[in-house]
1. Hey, among the residues in the range 384-395 that are under 25 Å from the mean Cα position of the chain (by Cα) and buried (at least 16 other Cβ atoms within 10 Å of the Cβ), which one's farthest from residue 415 (Cα to Cα)?
2. Looking for whichever is of a type outside the set (A, V, I, L, M, F, W, C) and surrounded by 18 or more Cβ atoms within 10 Å (Cβ to Cβ) here; the options are 211, 266, 222, 243. Which one fits?
3. Only one of 139, 115, 132 is modelled with pLDDT under 70, open to solvent by less than 60 Å² (accessible area, probe 1.4 Å), more than 30 Å from residue 216 (Cβ to Cβ) and aromatic (Phe, Trp, Tyr); which?
4. Check every one of the helices (runs of 4 or more DSSP H) wholly within the range 15-76 and list those with 2 or more residues that are surrounded by 22 or more Cβ atoms within 10 Å (Cβ to Cβ) and either among the hydrophobic types (A, V, I, L, M, F, W, C) or modelled with pLDDT under 50 (or both).
5. Within the range 225-240, work out how many residues are surrounded by fewer than 18 Cβ atoms within 10 Å (Cβ to Cβ) and either of a type in the set (Ser, Thr, Tyr) or in contact with a helix residue (DSSP H, G or I) (Cβ under 7 Å, 6 or more places away or on another chain) (or both).
6. Would you check which residues across the range 200-247 are under 23 Å from residue 297 (Cβ atoms) and among the basic types (Lys, Arg) and list them?
7. Would you check which residues across the range 319-342 are surrounded by fewer than 18 Cβ atoms within 10 Å (Cβ to Cβ) and over 23 Å from residue 388 (Cβ atoms) and list them?
8. Residue by residue through the range 164-177, note down the ones that are open to solvent by less than 20 Å² (accessible area, probe 1.4 Å), of a type outside the set (Val, Ile, Thr) and under 15 Å from residue 416 (Cα atoms).
Amino acid sequence: MPNRFLTLAAPIGLALLAPLAAQPALAAQAPPTAAPASPAAGAYAELAAEADRRAGDPDFDYRLGIAALDAGHYGEAVIALQRVLAVQPGNAPARAELARAYAMAGDIDTARQEFATVVDDPSLPDPVRQRFTGFVRQFDRQIGGGGSDVSGFLDVRAGYDDNINAATDLTTIVIPLFSFLGPGTLGPGAVARGDEYYEIQGGVSGVTAIGRQDRLFASALGNWRDNVDSRAFDQAALTGTAGYAHSFANRDVVSLSGQVQKFWLGHDGYRASYGVIGQYTKPLAGGRALTLSAQWNRFDYDGAPLRDADRYAVGVGYVTRSFAAGVSGGKEETRRQVGDAESNWFAGANIGGEFPVAAKVALVAGAAFDLRRYDQPDALFLTRRKDERVDLTAGVKVALTDALFFQPRATWSRNWSNIALYDYERWTVSAGLRLEF
């Protein structure tokens, strides 16, 4: 009964690569932000109280513009600095601050124009001119879409898994269909077994601008896990994703991507899948974001056509710079009615984060819950399967260099099922090195 081996393996992570690859589309469109400080807010309030009486005085308007800019009132800063330039059109510092105000407000076209005007001022000192020229080039890149970017990682680790085949620890079991025969002895592949293993994972993703608000992205992810003494449960997977992302004027991002995956078990082909992922991302203040996603996948099992299925899922996620959480749910429907005992409704939730505790040390933790309810009774156990699974992960991430990390990690999984064959517990401990580029 090979279906239990893949309960955890494949669709995990299918919906993750596209939003990660599309992330530069969000970053490139984000205007500079500044967190208003209390002193700046106080200075702005004092000057704003005098604006009705003193507006039109270039010195006052310049100070008011700077205070408004530092306090996060970008519209007021633009108005005040424009009053300065109306009286003193050659005031380079005021024009530079006006350009900064436009940039803070997200109007990079006008910001670029104002900085370019300042650069042309012959009285500008060379170091300042070089800095402003850099701003102009940066805005040119943003206006042109942000250029291209490539990133990736390589993770090598070794460890011990006390249940490499995600199986029950029972050695005998009663099958209701053959209950008159009494308890039957399970074969070696159906009983939990432990083994040492090593694992290699790697991935690369790239994004390129095709316009100011449009990007193409692609990624490839590979995984190989070799058990020292249990070749039959070695695993490998390759996943490829490619898609398109569009950023709206309010910085929201919508993306559509296609994805293919091949999974091997015991050095033989086990399953192929392909699908489509759509996602909408809503940026929030402070580097946070909300995501909505919808996904369809077609699963084709090698040598087991009755298990071929379509999988539909929707999800909602919340992301910060160090924390992520999400909920999802959907339906997996076999393409042939005779295999409907494998069809199921599912729902899940996950949470995880990376929390710095020292200059080069962070704690990494995560938790996930998965619930499944199957449509038809199992042919052997004469009941509809019901599963609930919890996965917990904890580890440490130690920065050896800016790009190389040492990562010890432990995981625990528990699957509760009303069918004893699928009820299991699993521990793994491992340590490895991760290179990010």
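The values are calculated or read from the model by the stated rules, or taken from the named source; none is laboratory data. All figures in this text were calculated on a predicted structure; none of them were measured in a lab. Here Cβ is always computed from backbone atoms with ideal geometry, including for glycine, and neighbour counts include all displayed protein chains. Side chains are part of the model used for accessible areas, which takes the heavy atoms of the whole protein and leaves out ligands, DNA and RNA. Shrake-Rupley method; radii C 1.70, N 1.55, O 1.52, S 1.80 Å.
1. The first filter runs over the range 384-395 and keeps only residues under 25 Å from the mean Cα position of the chain (by Cα), leaving 388-395.
Now drop any that are not buried (at least 16 other Cβ atoms within 10 Å of the Cβ), which leaves 389, 391, 393, 395.
On the way: 389: 4, 391: 9, 393: 15, 395: 22 Å.
That would be 395.
2. Working: 211 fails: surrounded by 18 or more Cβ atoms within 10 Å (Cβ to Cβ); 266 fails: surrounded by 18 or more Cβ atoms within 10 Å (Cβ to Cβ); 222 fails: surrounded by 18 or more Cβ atoms within 10 Å (Cβ to Cβ).
Testing whether each residue is of a type outside the set (A, V, I, L, M, F, W, C) and surrounded by 18 or more Cβ atoms within 10 Å (Cβ to Cβ) leaves just 243.
3. Details: 139 fails: more than 30 Å from residue 216 (Cβ to Cβ); 115 fails: more than 30 Å from residue 216 (Cβ to Cβ).
When all the criteria are applied, what remains is 132.
4. On the way: elements: 17-29, 38-48, 51-54, 58-70.
Output list reads 17-29, 58-70.
5. The qualifying residues number 1.
6. The one that is under 23 Å from residue 297 (Cβ atoms) and among the basic types (Lys, Arg): 225.
7. 320, 321, 322, 323, 335, 336, 337, 338
8. Just the residues of the range 164-177 that are open to solvent by less than 20 Å² (accessible area, probe 1.4 Å), to begin with: 164-168, 173.
Pick out the ones that are also of a type outside the set (Val, Ile, Thr) and you get 165-167.
Across the range 164-177, the qualifying residues are 166, 167.
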